[in-house]
Amino acid sequence: MTSLSAEMLAADAVEPITSAGNAQLGIAVLAGIAVIVLLITKFKLHAFLALTIGSLALGAFAGAPLAATIDSFTTGLGKTVAGVGVLIALGAILGKLLADSGGADQIVDTILAKASGRSMPWAMVLIASVIGLPLFFEVGIVLLIPVVLLVAKRGNYSLMRIGIPALAGLSVMHGLIPPHPGPLVAIDALGANLGVTLALGVLVAIPTVIIAGPLFSRYAARWVDIPAPENMIPARPSEDLDKRPGFVATVSTVLLPVVLMLVKALVDIVVDNPDNGLQKVTDVIGSPLIALLAAVIVGLFTLGRAAGFTKQRLSSTVEKSLAPIAGVLMIVGAGGGFKQTLIDVGVGQMILDFSKNWSIPALLLAWLIAVAIRLATGSATVATISAAGLVAPLAEGMGTSETALLVLAIGAGSLFFSHVNDAGFWLVKEYFGMNVGQTIKTWSVMETIISVVGIVFVLLLSLVL
C-alpha cells in the first residue's frame, strides 16, 4: 500500500503559474470548490459553467494572472476532450444501437425467461451489469425501468428486491469500469493503464455489486415495501420492430470492446515486450478507440441491420445518439480544465508538502477527496474529475497496478451517498414512486455500500499487488 510521500513529485514538474504559499493555495482550492458547489446547488447552474467559473475563481484566489489561468483551463479542456471525447461518442452510438434495435430487450427477455423466484435479483444484477457496460447511467435507468417494473408487477415481487440489484449493476459499472466517462477521465489524468484498470475494476466490481445488489436488496425490501407504480411503466423501445438481434450476437457486440481491452492487458502483462509482434497487434486492437470503434462497426450489422434498419435509419440512429452527449462532453472537458488549473497553480506540490509526515495511504486519501466532492456537488463525474486533478501528483512514481487502484479508489469515492443534490436521486425517486425518505433508505444507502465496499476491496488488492 503506497503512502503519501514528497518523493512522488516528478523532478520535472511544471513551474506553478503563481508564487502563492501553501496557505493561500489551500484557501484558493476551498474557495474554487465552494464556488462550484454553490453555483450547482444553490443557483442550479449547469456544471459546465460552474466548473469554468470555479476554475477562474481558483486562479484568482491563488493570485495567478488571469491570462495564465485561462491558458491552463483551455489546455486542460482541450486535452481531456481529445483524450476521452471520441470514446464517449462511440459509447453513445453503441448504446443507441443497443436500445433502438431491440438488442437490449433481447438480452433482458432471454435471461428473464431462465430466471425465477430467488434467482430473479441475481438475474437483474446480471442484466444491468451487461447493459450498463456501454451505456451512461441515466440511459441505463431509462432502458431498464420498464423491465424492473414489469417483472415486479407480473411476478408479484417487491419492487426494491428487483430494482436495487438493477440500480447497483448500473452504478458500479458507471463508477468503476471504463469506458464510462468518469473512469476514463481519471485514467487519463493519472496516466493509468486502461487495460489494467479495467481488469482490476472487474475484480472489485463483482463482489461490490453482489453485496450492494442482491444481498442488500433483502433489507431494502423490508425497509421500503411499495408496489410498482402503474403510471411509470413506459412503452418498451422496440415494440414497433418486426425483428430484433439474436441474444448471442447482441451480447457478443456489447462485450467486444471489453474483451479486446482485456486481451491487450493480459498480453502486456504476460509478454511485456514492446517489440513483440503479438503485443504490437494487441496494443492497437486493444486501444480504447479501436476497441469501441470495432464494436460500433460490428453493431451496425449485428444490431442495426439484424433489426431490419435501412441505411437511412442507421445514419439517423447514429446522428441522434450524439446530440444528448454534448452536455456530458462539455462537463467532462470543463472538469479537465479545472484539473489542469489545480495542477498549474501548484496544488499538487501543496498536497505533497502537507502530507510529508502523514501516514494516511494515498488510496484512502483519494477516496476521501472524491467522497467530499461527491457529497458537496452531487455529481459522480465532477467528483471523479476534481479528485483526479487533486491527487494526480501522487501517481508519479507509482507502478502500473498502483495507479490503476488509485483510479478505482477515486471511482468508489465518487459514488458515496447520493442525495438531494444528485440528479440520479430524483430520477430513481420519481421512477420508483418513492418519497425522499424512502429514496434515502434504499438508493442512497445502496450507493454508500458500493462506495465503502469498493474502497475496501481496492485496499485489499493493494496488499497483494
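Based on the mean of other beta carbon atoms within 10 Å per residue, what is the order of 321-327, 79-85, most packed first?
The densest-packed peptide leads the list: 79-85, 321-327.
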- Average accessible surface area per residue within the chain, 1.4 Å rolling probe, Å²: 40 Å²
- Query: If you stretched the chain out fully between Thr448 and Ala326, how much longer would it get, using 0.36 nm times the residue separation minus the C-alpha to C-alpha distance?
  - Reply: 41.0 nm
- Using mean Cβ contacts within 10 Å as the protection proxy, how do 436-446, 161-171 order, highest first? 161-171, 436-446
- Query: Arranged from highest to lowest average of other beta-carbon atoms within 10 Å per residue, in what order do the peptides 17-25, 250-258 appear?
  - Reply: 250-258, 17-25
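Quick one: length gained pulling Ala294 to Asp272 fully straight, 0.36 nm per residue minus the C-alpha distance?
Difference between extended and current length: 5.5 nm.
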- Message: 7 Å from Cα along Cα→Cβ at both Lys280 and Leu203: what's the point-to-point distance in nm?
- Response: 3.1 nm
- Radius of gyration and Dmax over the Cα atoms of the stretch 311-440, both given in Å: 18.2, 63
- Binned Cα-Cα distances of the stretch 378-465, short to long, each 10 Å bin given as a whole percent: 17, 40, 27, 13, 3
- Item | Selection from Ser379, Leu314, Gly299 lying farthest towards where the dipole of the stretch 272-401 points positive, charges on Cβ | Leu314
- Which whole-number value in Å³ per residue fits the convex hull of the alpha carbons of the stretch 424-465? 57 Å³
- Task: Among Val172, Leu112, Ser101, flag the residue with its Cα farthest along the positive direction of the charge dipole of the stretch 94-178, charges on Cβ as +1 for Lys/Arg and -1 for Asp/Glu.
- Result: Leu112
- Given a cut-off of 30 Å, name the pairs among Lys96/Lys153; Lys264/Lys320; Lys243/Lys429 whose C-alpha atoms lie farther apart than that in the structure shown. Lys264/Lys320; Lys243/Lys429
- Item | Estimated FRET transfer efficiency (Ser316, Arg154; beta-carbon r; R0 41 Å; 0.05) | 0.80
- Using unit Cβ charges (K, R positive; D, E negative) and no other charged atoms, how large, in debye to the nearest 20, is the dipole of the chain about its Cα centre? 1400 debye
- Convex hull per residue volume in Å³, alpha carbons only, for the stretch 83-164: 83 Å³
- Can you give me the P(r) profile for the chain? Cα pairs, bins 20 angstrom wide beginning at 0, each as a whole percent. 25, 57, 18, 0
- Computed over the stretch 138-219, the ratio Rg/Rh where both radii use C-alpha atoms and Rh is Kirkwood: 1.08
- What length, rounded to one decimal in nm, is gained on full extension from Trp223 through to Val420, with 0.36 nm per residue of separation minus their alpha-carbon distance? 69.0 nm
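The values are calculated or read from the model by the stated rules, or taken from the named source; none is laboratory data. Please read all numbers here as calculations on a predicted model, not as lab measurements. Here Cβ is always computed from backbone atoms with ideal geometry, including for glycine, and neighbour counts include all displayed protein chains. Ligands, DNA and RNA are excluded from the accessible area calculation, which covers all protein heavy atoms including side chains. Shrake-Rupley method; radii C 1.70, N 1.55, O 1.52, S 1.80 Å.
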